1. Report, by residue number, each residue of region A:122-176 that is within 19 Å of A:S6 (Cβ to Cβ), among the polar types (S, T, N, Q), more than 14 Å from chain B (Cβ to nearest Cβ) and not in a helix (DSSP H, G or I).
2. Specify which of the listed residues (B:G154, B:G127) is part of a helix (DSSP H, G or I) and surrounded by fewer than 22 Cβ atoms within 10 Å (Cβ to Cβ).
3. Residue by residue through region A:264-317, note down the ones that are of a type in the set (D, E, K, R) and surrounded by fewer than 22 Cβ atoms within 10 Å (Cβ to Cβ).
4. Filter region B:157-181 down to the residues that are assigned to a loop (DSSP other than H, G, I, E, B), over 22 Å from B:M340 (Cβ atoms) and of a type outside the set (A, V, I, L, M) and list them by number.
5. Quick check on this structure: which one of B:V143, B:V165 is farther than 29 Å from A:G239 by Cβ, buried (at least 24 other Cβ atoms within 10 Å of the Cβ) and either within 25 Å of the chain's Cα centre (by Cα) or within 14 Å of chain A (Cβ to nearest Cβ) (or both)?
6. Here are B:A264, B:A238, B:A229: which of them is free of Cβ contacts under 8 Å to residues at least 24 places away in the same chain and farther than 21 Å from B:V213 by Cα?
Amino acid sequence: MKHLLSAADLDREGALALLDVAEQMAATQAREIKKLPTLRGRTVVNLFFEDSTRTRISFEAAAKRLSADVITFSAKGSSVSKGESLKDTALTLQAMGADAVVLRHSASGAAHRLAHAGWSRVGVLNAGDGTHEHPTQALLDAFTLRRRLRERSGGDLGGALDGARVAVVGDVLHSRVARSNVLLLRTLGADVTLVAPPTLLPVGVETWPCRTSWDLDAVLPEVDAVMVLRVQRERMGGGGFFPSAQEYARRFGLDGRRLRLLPEHALVMHPGPMNRGLEISAEAADSPRSTIVEQVSNGVAVRMAALYLLLAGEDAA
Amino acid sequence: MSADQTPARTTATGEDAPALLVRRAALLGGEATDLLLEGGRVARTAPGGSLEAPAGARVVEAEGLVALPGLVDLHTHLREPGREDAETVLTGSRAAAMGGFTAVHAMANTDPVADTAGVVEQVWRLGREIGLVDVRPVGAVTVGLAGERLAELGAMATSAARVRVFSDDGRCVADPVLMRRALEYVRSVDGVVAQHAQDPRLTEGAQMHEGVVSSVLGLRGWPAVAEEAVIARDVLLADHVGSRLHVCHVSTAGSVEIIRWAKARGVDVTAEVTPHHLLLTDELVRGYDPVYKVNPPLRTRADVEALRAAVADGTVDVVATDHAPHPVEDKDCEWAAAAMGMTGLETALSVVQEALVETGLLGWADVARVLSSAPARIGRVADHGRPLAEGEPAHLVLLDPSARREVVPEQHATQGRNSPFRGLELPGRVVATVLRGRPVVLDGALVGDDGGSR
């Protein structure tokens, strides 16, 4: 794996291999000494042009537990008003001997440009680019789903998510998490239904490998998991995507009543950070079926696997 | 000062141009014909091989070459004054000549904006001194392109530059009252409003065509309706006030339908399409390379097909380049930060050959119409776009339709390296461009290379 820019970069075999490596990584994280020598001497640069404490910390922990040297560069504010910063930063990183770059950027396609514009030869891991994709989030969601559903089926679900039914609810239009999840979950055999007001589904969504619905109540009884997306408050009012927070919560929020519409085994997922009371109520977020905290810890294992396959994969394979 | 009072420069009239005999050129792709050019005019035409060169005349052997009247671009960005780092009148003139153009309309979105007689005269004079191509400045419709009040259209029309095309290109004249007034007002100077049709509210932050590809790429969409709604409004306005309207860079199948309807209804509307919208689609954006970032954006294959058919049936009158050079750094960045626009002067004829001639949609006489006579008529450029016949102005281009060449932007005369056709192999090559009887391009190269001294 030279780069990880989109969930579409992974075929079924590659995605399963990554999830299996993540399982091994997770197993090592249960030990008292969590650190592995795997990436000793390699340098991973976390390049964050956009604030994201959770993702940054998760990647930092992942790289450090593989013994890589980690340089974190937060360039908030110097982002897209002038594009030179991305190119010049790329040249600088190349000169400093970076082996991999983890890039978070507000511009869709920024990771793709960093990987393919000819600015550098460093491996690039997309940690979220604009409203495009966030592949490691999708991987950690798939990892979490796979674990939980496998437990339920007595460990015999096979390696993938064939037949699992997943609803993704909320601001699909602006969500990189939704784009990556639709692609990856489909690759792994799951059936995805996007649920959102029509204003928050992109024109063209009808060509995506999933179903769409405007009726959350109708979808919930049919799913194995519901993935709730964060809704940014600036999307209403001036943004005009929906009339008010109250109306959004009434029609698309996962509250206690809707929680009880779910099948007994179904999971509640959220990539965080949550707007409690808007897209998800406290009752739903804190319920036993919520995997929200588990997703965070799984994130480290999945990112360890991604870094490992990016930097050591060739030798290991 | 009017043009008539300007001290006559020899280069401006061509009267002293030495005689030039073009031998055995396929006139509009037809019969091999000899053309004797003298005094800036076509002195004689005769069957191929029948004319003797007068004493001292230069001879251009044109067997196998197609002769067309010099091309006229209705939509060029020369960037000067203000963005000389992107292009100048000199480098843009060179590019135009190399592309077979003998007249170009220089868009008004310079810095300062071409919204006064002073600025349009400055651009016109620069073009005249350089003398490679006739530069026809376009005047801004509104002061500073701000869309608030009319610029002094009359002053620009009566200036030495004799402006006839008015456009806020780059921005839409979105206010319907202002658009109505502009359409009405230009009637008194035989002018035309060239509208950049783009509803500003529907395209805030827009990055690419809104559709299947934008949904996957997470780039904010520029919906076709934002163009079509403005065109629909404008043809109705033009009809209501009895004015002439020109629609810049039509890019969607829906726009074509509206214009076809308006023409059938008798509205005095004309329209242009760019070479890139005739060849390229939004699928190219998948690699996020900003060389494909342009406004209006690249659309779908269905739109490309509709635009080709529209040129073929005359619904779209003109192919115009929207040549928009940018410095390298404005494209060598992430998509959202990149400038919009593509170069086009030096590839236009090849793209037209590829998209329209080799597909059987147009013959060379039609190419002369869409790239020369129609744009000259719309822009009221009296001595361009004329037939290659005795007594007519001697502006012509000779092209080799059998040549094929790979597009290498580094070899272009424009300062811009942002050609979306980089690496494509396209048919056709401009061998010679003749302005007022004088060759400015010969053997595919600029004559002399000092640009300013001829």
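1. none
2. B:G154
3. Of everything in region A:264-317, those that are of a type in the set (D, E, K, R) and surrounded by fewer than 22 Cβ atoms within 10 Å (Cβ to Cβ) turn out to be A:E264, A:R276, A:E283, A:D286, A:R289, A:E294, A:E314, A:D315.
4. B:S159, B:R162, B:R164, B:D175
5. Result: B:V165 is the single residue among B:V143, B:V165 that is farther than 29 Å from A:G239 by Cβ, buried (at least 24 other Cβ atoms within 10 Å of the Cβ) and either within 25 Å of the chain's Cα centre (by Cα) or within 14 Å of chain A (Cβ to nearest Cβ) (or both).
6. Details: B:A238 fails: free of Cβ contacts under 8 Å to residues at least 24 places away in the same chain; B:A229 fails: free of Cβ contacts under 8 Å to residues at least 24 places away in the same chain.
Result: B:A264 is the single residue among B:A264, B:A238, B:A229 that is free of Cβ contacts under 8 Å to residues at least 24 places away in the same chain and farther than 21 Å from B:V213 by Cα.
Here's the yes/no breakdown for (1) in contact with a helix residue (DSSP H, G or I) (Cβ under 6 Å, 6 or more places away or on another chain); (2) more than 14 Å from chain A (Cβ to nearest Cβ):
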{"residue": "B:R286", "(1), (2)": "no, no"}
{"residue": "B:D289", "(1), (2)": "no, no"}
{"residue": "B:D303", "(1), (2)": "yes, yes"}
{"residue": "B:A310", "(1), (2)": "yes, yes"}
{"residue": "B:D317", "(1), (2)": "yes, yes"}
{"residue": "B:H323", "(1), (2)": "no, yes"}
{"residue": "B:H326", "(1), (2)": "no, no"}
{"residue": "B:K331", "(1), (2)": "yes, no"}
{"residue": "B:L345", "(1), (2)": "yes, yes"}
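Conditions tested, residue by residue: (1) polar (S, T, N, Q); (2) touching a Ser or Thr at 6+ places or on another chain (Cβ under 7 Å); (3) surrounded by fewer than 23 Cβ atoms within 10 Å (Cβ to Cβ).
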{"site": "B:A394", "(1), (2), (3)": "no, no, no"}
{"site": "B:S402", "(1), (2), (3)": "yes, no, yes"}
{"site": "B:E406", "(1), (2), (3)": "no, no, yes"}
{"site": "B:E410", "(1), (2), (3)": "no, no, yes"}
{"site": "B:T414", "(1), (2), (3)": "yes, yes, no"}
{"site": "B:L426", "(1), (2), (3)": "no, yes, yes"}
{"site": "B:T433", "(1), (2), (3)": "yes, yes, no"}
{"site": "B:G437", "(1), (2), (3)": "no, no, no"}
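The values are calculated or read from the model by the stated rules, or taken from the named source; none is laboratory data. Since this is a predicted model, take the numbers as computed values, not measurements. Ideal geometry is used to build each Cβ from the backbone, glycine not excepted, and the neighbour counts take in all protein chains shown.
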